[in-house]
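*Asks:* Take this structure first; my questions come after.
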Amino acid sequence: TMSQASPSLANQGVEPSPDYVFKYWSVRILFTAIYSGRLVHNILGKWFLGMATT
């Protein structure tokens, strides 16, 4: 049946705790910030190198 196939969290009938959601989002935002920061750094680095060489 469907209830057997569903994950344990759904079986318990409770939503993820706010603490869990907060941790999940803070980690996601952190990784996004690091990734985008790297991206911007790479683009700026290439741009500055281009400016310096021309």
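Every number here is computed from the coordinates shown, using simple stated rules; none is lab data. Everything numeric in this text was worked out from a predicted model, so none of it was measured. Neighbour counts are summed over all protein chains in view; Cβ atoms, including those assigned to glycine, are modelled from backbone coordinates with ideal geometry.
*Asks:* Suppose R0 equals 25 Å; then what is the FRET efficiency for Met51 and Phe31 from their Cβ-Cβ distance, rounded to the nearest 0.05?
*Replies:* So the FRET efficiency works out to roughly 0.25.
*Asks:* What spacing in nm lies between the two simple spin-label points modelled at Ser17 and Leu39, each 7 Å away from Cα in the Cβ direction?
*Replies:* The answer from the label model is 3.4 nm.
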